[in-house]
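Undergrad: To start, I am sharing the structure in question, which I have written as structure tokens.
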Amino acid sequence: MFSLKARLAAFAISVAVAPQAASAATGSAADPADDPAYMWDLGDLYPTPDAWRAEYNRLQKEISNFESYKGTLGQSAAEMLAVLDRFSDARKTLNRLAVYAMLKADENVKIAANQERAQSARTLDTLLQAKTAWLSPEVLAIGAEKVHAFEHQSPELKKRFGFFLGDILRAGPHTLGVEAEGVLAEAGTVLGQPDNIFSQLASGELPRPEITLSDGTKVTLDQAAYEKYRQRPNRDDRKLVFDAFWAGFGKFQGTFGATLTTQVLAEVFQARARHFPDSLSAATFADNMPVSVYRTLVSQANANLPTLYRYLNLRKKELGITDSLAYYDLYAPIFDPPQPPKYSVDESKRIAREVTAIYGPEYTAFLDKGFAGRWMNLFPHPGKADGAYMNGAAYDVHPYLLFNNHDDYESLSTFVHEWGHAVHSLLANKAQPFETADYSTFIAETASIANELLLNDYMVAHSPGKAEKLYFLGRSLELIRTTFFRQTMFAEFQLAIHDVVEKGDALSGERMTEIYCGLLRKYYGDAEGVTKIDPHYCLEWAYILHFYYGFYVYQYATSIAGAAQLTDAIAREGAPARDRFIAMLKAGGSDYPYEIYKKAGIDMATAEPYAALMARMNAIMDRIDVLQREK
Ligand SMILES: [Zn+2]
């Protein structure tokens with residue numbers, strides 16, 4: 001139930017390297033970081049920590065009693081509705097408790113009492129799951145015929161719980177007996193360990209190389225430093241950063257390989273135990289996503305590689321590289337702005353409002369309401385959590401948003417992205433009962449990335465000079481490369497390594513590096529003479545945390561393609577396309593995401609959304625060509 005948006009934001013949008021930079025630079029009495037207007041008010045959730053604790057204790061007592069309803073669901077439609085209503089109400093209250101606990105913990109991760117409260121919320125979540133674990137087997141035992149008869153007798157049961165019940169019945173063939181389910185649940189803790197081992201190694205025990213850059217700067221290359229210094233304009237510096245960072249990973253190829261292999265083995269085991277034909281089918285089952293969507297994505301990215309090559313050749317030319325483009329040349333900005341652009345909070349609000357005006361008055365009204373409330377924790381503070389996210393899980397309250405604003409373009413882009421999630425939650429929560437309000441990631445990222453695409457267009461249109469326009473056009477190209485091509489390459493890598501295991505072959509770090517090298521060469525055009533891939537950088541797979549979430553990253557790539565087709569349609573058709581988009585957001589989780597998309601006029605199992613995205617990418621490059629000729 002809790003959104004993964006913290007992870008999404010930290011991924012789609014690179015986390016700022018020096019969280020204290022903004023407050024240090026502006027550290028005066030008028031520091032906006034200290035203005036209460038830029039700090040969220042958790043009093044909308046609970047007036048005091050004591051009020052939170054009292055509600056927690058009450059709910060814990062109630063949940064502890066939930067096994068007493070066992071065996072009552074099939075008695076009548078009214079009984080089924082009453083029990084589900086009680087459980088749903090507990091879930092809603094638990095969400096609200098958890099939101100408060102999580103947000104409070106993120107205000108300052110060093111305060112032990114706040115971390116303990118967050119841990120309490122997680123414990124209560126586990127308790128709710130344990131005390132209602134009998135529910136799905138009981139619904140399956142009651143059977144589809146009787147469930148449907150109950151729904152016929154009780155329209156409220158159908159309206160609020162029809163989708164939920166249908167989803168349980170759909171999972172019937174993949175639900176095991178009580179004993180086997182118990183074994184799988186126990187095994188789950190062990191099977192979830194690769195993620196922990198990875199984090200221990202990658203974020204903890206992995207030695208960090210020390211380097212000295214061309215200007216004498218000494219750098220310890222942790223992940224944040226790698227992401228910062230790989231953007232250096234000096235090419236020797238970029239090469240140094242890449243060489244040192246990946247050499248560090250190279251020493252642990254076997255360990256990273258064994259860890260990721262264990263993850264893949266766990267996914268294959270769980271898929272087979274639940275009678276799925278393969279791990280991809282198992283991973284896409286929850287969303288009822290046709291595997292053809294995943295396969296279409298991969299084949300479309302491959303078919304459109306010439307567009308990526310065009311961008312890489314443009315990048316090579318603009319960076320003034322005379323020999324081959326290298327993998328370490330990808331992160332340096334292709335165009336520099338005359339001055340780094342700066343945006344105050346008021347400007348960010350104004351721009352977000354203008355950018356999304358295309359969605360119509362209902363959207364704008366929600367945005368205004370949100371801006372007027374104290375929903376945001378905007379600026380960096382000592383101890384505050386990194387990155388940015390929106391949390392819309394407190395159904396009866398309102399969304400909350402965490403940022404680490406630096407007033408730069410990255411921050412503005414994050415601002416419109418996360419507010420895209422927030423208005424999505426507001427629209428879904430207003431249109432749907434609690435039970436069907438929560439939407440899937442597949443839809444969520446469309447709402448937020450669409451805003452980023454519109455922002456790019458807006459910035460180009462509103463830039464005073466050529467240099468500014470080029471800067472924003474360059475950023476648009478990078479957004480498409482990293483969100484579409486790079487994520488699809490990851491998705492293809494995941495398919496390949498699962499395939500090795502499912503065919504019964506041995507997987508290892510060395511094998512993964514070989515597979516990854518093949519993909520890098522293909523995506524970046526090694527044989528075509530576009531980019532020369534140094535095999536030392538083929539360890540990159542070892543650093544991607546998302547490979548421990550199963551088949552997950554593909555949703556970023558589908559989202560930007562879907563967003564491209566949707567925003568194109570709105571620009572072309574106006575109101576009818578706009579209304580389809582708003583209806584899609586209002587649908588929340590009332591249907592499966594592929595179906596919700598189709599109702600908005602988009603079939604993600606076809607080439608169309610990808611054609612829209614590639615047309616956008618080519619149009620940006622045409623624009624750059626024209627501007628450069630004018631110079
Ligand atoms: Zn997002």
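The values are calculated or read from the model by the stated rules, or taken from the named source; none is laboratory data. Owing to the predicted nature of the structure, the values given are computational and were not obtained by experimental measurement. Backbone-built Cβ (ideal geometry, glycine too); neighbour counts: all protein chains shown. Accessible surface is based on the protein model in full, side chains and every heavy atom, while ligands, DNA and RNA are left aside. Shrake-Rupley method; radii C 1.70, N 1.55, O 1.52, S 1.80 Å.
Undergrad: Mind listing whichever residues of the range 172-191 are open to solvent by 40 Å² or more (accessible area, probe 1.4 Å), more than 18 Å from Gly143 (Cβ to Cβ) and without any contact (Cβ under 8 Å) to a residue 12 or more places away in the chain?
TA: Glu179, Val183, Glu186, Thr189, Val190
Undergrad: Here is a check on your reading of the model: is His152 under 13 Å from Ser76 (Cα atoms), surrounded by fewer than 12 Cβ atoms within 10 Å (Cβ to Cβ) and either in contact (Cβ under 8 Å) with a residue 24 or more places away in the chain or not aliphatic (A, V, I, L, M) (or both)?
TA: For His152, the condition - under 13 Å from Ser76 (Cα atoms), surrounded by fewer than 12 Cβ atoms within 10 Å (Cβ to Cβ) and either in contact (Cβ under 8 Å) with a residue 24 or more places away in the chain or not aliphatic (A, V, I, L, M) (or both) - is met.
Undergrad: From the residues in the range 32-64 that are free of Cβ contacts under 8 Å to residues at least 12 places away in the same chain and not in a helix (DSSP H, G or I), which one is farthest from Ala105 (Cα to Cα)?
TA: Filtering the range 32-64 for residues that are free of Cβ contacts under 8 Å to residues at least 12 places away in the same chain and not in a helix (DSSP H, G or I), the one farthest from Ala105 (Cα to Cα) comes out as Asp35.
Undergrad: Which number in (1) within 18 Å of Leu42 (Cα to Cα); (2) open to solvent by 20 Å² or more (accessible area, probe 1.4 Å); (3) not β-branched (Val, Ile, Thr) marks the one condition that Leu402 misses?
TA: (2)
Undergrad: Turning to a different aspect of this structure: For the range 362-386, which positions are in contact with a Leu (Cβ under 6 Å, 6 or more places away or on another chain) and either without any contact (Cβ under 8 Å) to a residue 24 or more places away in the chain or in a helix (DSSP H, G or I) (or both)?
TA: Within the range 362-386, just Phe366 meets the criteria.
Results for (1) in contact (Cβ under 8 Å) with a residue 60 or more places away in the chain; (2) charged (D, E, K, R), shown as yes or no for each residue.
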| residue | (1), (2) |
| --- | --- |
| Tyr471 | yes, no |
| Leu479 | yes, no |
| Arg486 | no, yes |
| Tyr516 | no, no |
| Leu519 | no, no |
| Gly525 | yes, no |
| Phe551 | yes, no |
| Ile560 | yes, no |
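Undergrad: Moving on to the next point. Any idea which residue in the range 561-577 is surrounded by the fewest Cβ atoms within 10 Å (Cβ to Cβ), counting only those that are among the charged types (D, E, K, R) and over 23 Å from the mean Cα position of the chain (by Cα)?
TA: Once the filter is applied, the top-ranked residue is Arg572.
Undergrad: Collect the residues in the range 128-146 that are in contact (Cβ under 8 Å) with a residue 60 or more places away in the chain and open to solvent by less than 50 Å² (accessible area, probe 1.4 Å), keeping them in residue-number order. Give the steps one after another, and end with the answer.
TA: Within the range 128-146, the subset in contact (Cβ under 8 Å) with a residue 60 or more places away in the chain is 128, 131-132, 134-135, 138-139, 141-142, 146.
Selection gives Leu128, Lys131, Thr132, Trp134, Leu135, Glu138, Val139, Ile142.
Undergrad: Another question, if that's okay. Given (1) within 16 Å of the ligand (Cβ to nearest atom); (2) open to solvent by 10 Å² or more (accessible area, probe 1.4 Å); (3) over 20 Å from Asn114 (Cα atoms); (4) of a type in the set (Ser, Thr, Tyr), identify the lone condition not met by Thr364.
TA: Tallying (1) within 16 Å of the ligand (Cβ to nearest atom); (2) open to solvent by 10 Å² or more (accessible area, probe 1.4 Å); (3) over 20 Å from Asn114 (Cα atoms); (4) of a type in the set (Ser, Thr, Tyr), Thr364 fails exactly one: (1).
Undergrad: Leu169 versus (1) at pLDDT below 95; (2) open to solvent by less than 50 Å² (accessible area, probe 1.4 Å); (3) in a helix (DSSP H, G or I); (4) among the aliphatic types (A, V, I, L, M): which is the lone unmet condition?
TA: Every condition holds for Leu169 apart from (1).
Undergrad: Taking the conditions exactly as written (of a type outside the set (Ser, Thr, Tyr) and open to solvent by 10 Å² or more (accessible area, probe 1.4 Å)), does Gly601 satisfy them or not?
TA: In short, yes.
Undergrad: Also, I was wondering about something else. Out of Thr436, Thr483, which single residue is surrounded by 19 or more Cβ atoms within 10 Å (Cβ to Cβ), of a type in the set (Val, Ile, Thr) and within 16 Å of the ligand (Cβ to nearest atom)?
TA: Answer to the check: Thr483.
Undergrad: Could you list all residues from the range 156-166 that are more than 16 Å from Ile142 (Cβ to Cβ) and open to solvent by less than 50 Å² (accessible area, probe 1.4 Å)?
TA: Selection gives Arg160 alone.
Undergrad: Residues in the range 274-304 that are part of a helix (DSSP H, G or I), open to solvent by less than 40 Å² (accessible area, probe 1.4 Å) and in contact with a His (Cβ under 9 Å, 6 or more places away or on another chain): how many?
TA: Number of matching residues: 3.
Undergrad: Then there's this: Could you tell me whether any residue of the range 575-588 is at pLDDT 95 or above and assigned to a loop (DSSP other than H, G, I, E, B)?
TA: Yes, the range 575-588 contains at least one residue that is at pLDDT 95 or above and assigned to a loop (DSSP other than H, G, I, E, B).
Undergrad: Inspect the range 487-499 for any residue being modelled with pLDDT of 95 or more, within 16 Å of the ligand (Cβ to nearest atom) and closer than 29 Å to Arg578 by Cα and give the result as yes or no.
TA: Within the range 487-499, one or more residues are modelled with pLDDT of 95 or more, within 16 Å of the ligand (Cβ to nearest atom) and closer than 29 Å to Arg578 by Cα.
Undergrad: Select from the range 405-428 the residues that are surrounded by fewer than 24 Cβ atoms within 10 Å (Cβ to Cβ) and part of a loop (DSSP other than H, G, I, E, B) and write down the one among them that is farthest from the ligand (Cβ to nearest atom).
TA: Among residues in the range 405-428 that are surrounded by fewer than 24 Cβ atoms within 10 Å (Cβ to Cβ) and part of a loop (DSSP other than H, G, I, E, B), the one farthest from the ligand (Cβ to nearest atom) is Asp407.
Undergrad: Of all residues in the range 523-542, which are buried (at least 17 other Cβ atoms within 10 Å of the Cβ) and not in a loop (DSSP other than H, G, I, E, B)?
TA: Of everything in the range 523-542, those that are buried (at least 17 other Cβ atoms within 10 Å of the Cβ) and not in a loop (DSSP other than H, G, I, E, B) turn out to be Tyr523, Thr531, Tyr537, Glu540, Trp541, Ala542.
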